[in-house]
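The values are calculated or read from the model by the stated rules, or taken from the named source; none is laboratory data. Remember, predicted model here, so these are calculated numbers, not experimental data. Cβ atoms come from the backbone with ideal geometry, glycine included; neighbour counts cover every protein chain shown. In case anyone asks, the SASA skips ligands and DNA or RNA and just uses the protein heavy atoms, side chains included. Shrake-Rupley method; radii C 1.70, N 1.55, O 1.52, S 1.80 Å.
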Amino acid sequence: MSTGDSGPFGVAGTTVVWRFMDGKPGHEKQSAGLLQALAEFTPLAVYEFDMRFKALLWRQLHRHSQRRPVDIPSPDLIVGVGHRTHVPMVLTRAICGGRSVVLMKPTLPHGLFDLVFVPRHDRYRRKGNVVETRGVICPSDSTAKNPARGLILLGGTNRYFEWSSDHVVRQVAAIADASPEVRWEVCDSRRTPDDLGRALPGLPNLAYRPWQSTPGDFLERALRDAQSVWVTADSASMLYESLSVRAYVGVIALKEKRGGRKNKHARGIALLLSQGHVCSTRDGFRLQGRLLPPHFFPENQRCARIVHDRFVTAS
């Protein structure tokens, strides 16, 4: 698939991608992960549209519909994550052409998209254009890790688990105490209650990194380096991102709000535990020696291959 010429927009053989974003970092990481892997198969020219500011998109759609000169070429692929992106993606496909790829359970009927990637724990009805994924799609990395560096990633109040800062702090202290040879960094999030940072113990191998005072790329860089990562059970995106960079990953246990079939996050964790990809604080606080070497195959690579084989090589 390509733009078909070597004009001002690029060279023949380049796949033009219109990437739709909604401003949510977790969603943007998903599409970034897919495009990272897709770029290994085909040259990409990516044009980004932020759905919080739609003027650029409406201008492009108007020009394309009127067959007027455009400054952005028609898309070969339309990629988006987040409910806010779904209607604009459908309109773009109708006006400009291209194949649409949505990376979550869509608000609209799945038949309006060419390909839908849905996490297995969402239990979405399987159709010809629906592909299940193990959790969310994330950027991947396989560089060597630093065994002396560890991360503890904290979520906060959520729909699926009871959050107790005291309970979490006790588990964080136990993790640091069980592996004194590791320099642990505790990273919180926007959902983390304010009292947690003040309650963390002053251990020599434990440093607190509040999200408000860390650079925007801190977590991405830290995950590339850390060999051991613990994630609270509510933080699904961080869990799969840690697995995708080939770290040893543990889950900080939380009490479920919803049991059985209704708690999709708990179902996903149970599957990862059964396959030996993660361990839980319910069974101990030390990662080393409890897990096989990381063997979680990054979903972004598998999904990129599917997109390439269906839409790029087939054109």
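Principal semi-axes of the equivalent ellipsoid, √(5λ) from the alpha carbon gyration tensor of the range 75-142, are 20, 15, 10 Å from largest down.
Could you check how many percent of all C-alpha pairs in the range 35-95 are farther apart than 20 Å? Within the range 35-95, distances greater than 20 Å cover 29 percent of Cα pairs. Of the accessible area of the range 198-273, computed with a 1.4 Å probe over protein heavy atoms only, carbon and sulfur atoms account for 50 percent. Between R190 and R68, the FRET efficiency estimated from the beta carbon spacing at R0 = 30 angstrom works out to 0.10. Using alpha carbons only, the radius of gyration of the range 138-187 set against its Kirkwood radius gives Rg/Rh = 1.05. If only the Cβ of Lys and Arg carry +1 and only the Cβ of Asp and Glu carry -1, the dipole of the chain around its Cα centre is close to 1080 debye. Note on the range 266-310 and the range 19-56: Cα centroid distance 25 Å, given to the nearest whole angstrom.
Solvent-accessible area assigned to carbon and sulfur over the range 42-122 amounts to 53 percent, based on a 1.4 Å probe. Between the listed residues H277, I306, Y208, the Cα displaced farthest toward the positive end of the dipole of the range 206-315, a dipole computed from Cβ unit charges relative to the Cα centre, is found at H277. Label reach from H167 (point 7 Å along Cα→C-beta): in the range 229-243, amide nitrogens under 16 Å belong to 231-235.
Over 26 Å apart at the Cα level, from the set K24/K145; K54/K105; K145/K257; K127/K257, are K24/K145; K145/K257; K127/K257. Here the range 249-311 is described by how far its Cα atoms reach on the three principal axes: 44, 33, 14 Å, from widest to narrowest. A full extension of the chain between T313 and D177 corresponds to an added length of 43.7 nm, given 0.36 nm per residue minus the alpha carbon distance.
Hey, what number do you get for the chain at 222 nm if only DSSP H runs of n ≥ 4 count, each worth -39500 (n - 2.57), divided across all residues, to the nearest 500? Only helices count here, giving -8500 deg cm²/dmol. Ligands, DNA and RNA are left out, and with a 1.4 angstrom probe the accessible area of the chain is 46 Å² per residue. Note on the range 206-315: along the principal axes its Cα atoms extend 51, 38, 30 Å, ordered by decreasing extent. Each label point was placed 7 Å from the Cα along the Cα-to-Cβ direction; for R286 and T157 their separation is 3.8 nm. Measuring with a 1.4 angstrom probe and ignoring ligands and nucleic acids, I72 comes out at about 20 Å² accessible.
In the chain, inverting the average of 1/r over every pair of distinct C-alpha atoms gives 20.9 Å as the Kirkwood radius. Other residues with beta-carbon under 9 Å from the beta-carbon of R93 carry, at +1 per Lys or Arg and -1 per Asp or Glu, a net charge of 0.
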